[in-house]
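Asker: Sharing a structure here in C-alpha cells format.
The values are calculated or read from the model by the stated rules, or taken from the named source; none is laboratory data. Keep in mind that this is a model prediction, so the values were computed, not measured. All Cβ positions, glycine included, derive from the backbone under ideal geometry; neighbour counts span all protein chains shown. Surface areas here come from the heavy atoms of the whole protein model, side chains and all, with no ligands, DNA or RNA. Shrake-Rupley method; radii C 1.70, N 1.55, O 1.52, S 1.80 Å.
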Amino acid sequence: MPTNSPTFQYWDTILNIEVMDLIFVRAHREENFPLCVEVPKVIVPWFFALDNHNYARWIPIHTRDTESLPPSILAEFKG
C-alpha cells in the first residue's frame, strides 16, 4: 500500500470514519452499551478537524453523562 500517496491517505481516512459510523450504528442496533460509549470518543477528533463545532462541543459531554449513569439505569440498558 502506498501510504505516502495523498490520494491513498484521503481515502483511507474516509474509510476509517465510515467504519466508525457503521460500528456506532451496529452498537445501537445490537444494544451494545459499552460500544455506544466508546465509539464517540474515537470520532470526536474528527468533528474538530472537520469544523463541526456543535458536535465537537457536545459529544464529550454526552459521553461523560452516559459513563456516569447510576447502576440502576445501566441495568435497564443491559436488559
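Asker: Any idea how many residues of the stretch 14-35 are open to solvent by less than 50 Å² (accessible area, probe 1.4 Å) and at pLDDT below 90?
Answerer: So the count comes out to 1.
Asker: Next question, about the same structure. Among the residues of the stretch 1-13, write down those that are modelled with pLDDT of 90 or more, of a type in the set (Val, Ile, Thr) and open to solvent by 60 Å² or more (accessible area, probe 1.4 Å).
Answerer: Thr7
Asker: Can you name every residue in the stretch 51-79 that is outside any helix (DSSP H, G or I) and surrounded by 11 or more Cβ atoms within 10 Å (Cβ to Cβ)? Show your work before the answer.
Answerer: Kept after step one, since they are outside any helix (DSSP H, G or I), are these residues of the stretch 51-79: 51-52, 68-70, 79.
If the condition is that a residue be outside any helix (DSSP H, G or I) and surrounded by 11 or more Cβ atoms within 10 Å (Cβ to Cβ), then Asn52, Leu69 are the ones that fit.
Asker: If the Cβ limit is 7 Å and pairs must be 6+ apart or interchain, which residue in the stretch 40-57 that is free of Cβ contacts under 8 Å to residues at least 60 places away in the same chain pairs with which residue that is among the polar types (S, T, N, Q) and buried (at least 17 other Cβ atoms within 10 Å of the Cβ)?
Answerer: Final answer for the pair search is Pro40/Thr63; Lys41/Thr63.
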